[in-house]
């Protein structure tokens, strides 16, 4: 993926994403999402499975996987879009491929298409070696006025 038409990869912003408590508050902090790696057009984040994230059948609730996917879908853009811009998810397709009972969920996002107004991002979520979620989403990029 080439980012020439956008600002230089913002390594300062990327380093802020990988610090403790970097989920930014709200649901990501409640879920315990930790950003572990950020690069130009890629991001990896993880969360530990806890009892309160399970459904009544003992598996991770699908909403947890969706929230983790949505988090890395939007946040992957901030180091590569113009400062002050806003990235808003407009579409997210998520396939659940395996039940999750415990362990750590690791989501890796990669920008696969990028224009000044939109981005398409691919996300794979693993639990150990198992692929537990495959997602793709579209994000609308709004620049400051």
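Of all residues in the stretch 85-101, those satisfying the criterion of being closer than 26 Å to residue 49 by Cα and either touching a residue at least 60 places away in the same chain (Cβ under 8 Å) or in a strand (DSSP E or B) (or both) are 89, 91, 92, 93, 94, 95, 96. Within the stretch 21-42, can one find any residue that is more than 18 Å from residue 125 (Cα to Cα), within 16 Å of the chain's Cα centre (by Cα), surrounded by fewer than 16 Cβ atoms within 10 Å (Cβ to Cβ) and modelled with pLDDT under 60? Yes, the stretch 21-42 contains at least one residue that is more than 18 Å from residue 125 (Cα to Cα), within 16 Å of the chain's Cα centre (by Cα), surrounded by fewer than 16 Cβ atoms within 10 Å (Cβ to Cβ) and modelled with pLDDT under 60.
For the stretch 121-145, a residue qualifies if it is assigned to a strand (DSSP E or B) and either under 19 Å from residue 83 (Cα atoms) or at pLDDT below 95 (or both), and the qualifying residues are 139, 140, 141, 142. Number of residues in the stretch 49-65 that are touching a residue at least 24 places away in the same chain (Cβ under 8 Å), surrounded by 16 or more Cβ atoms within 10 Å (Cβ to Cβ) and part of a helix (DSSP H, G or I): the value is 2.
Does residue 46 satisfy the criteria of being modelled with pLDDT of 95 or more, touching a strand residue (DSSP E or B) at 6+ places or on another chain (Cβ under 7 Å) and surrounded by fewer than 22 Cβ atoms within 10 Å (Cβ to Cβ)? Explain how you work it out, then say what you get.
Working: modelled with pLDDT of 95 or more: yes; touching a strand residue (DSSP E or B) at 6+ places or on another chain (Cβ under 7 Å): yes; surrounded by fewer than 22 Cβ atoms within 10 Å (Cβ to Cβ): yes.
So residue 46 fits the description; yes.
Residues in the stretch 102-126 that are free of Cβ contacts under 8 Å to residues at least 60 places away in the same chain and surrounded by 12 or more Cβ atoms within 10 Å (Cβ to Cβ): 12 in all.
The values are calculated or read from the model by the stated rules, or taken from the named source; none is laboratory data. Bear in mind the structure is a predicted one, so any value in this text is a computation, not a measurement. Don't worry about glycine lacking a Cβ; one is built from the backbone with ideal geometry, like all the others, and counts go over all protein chains shown.
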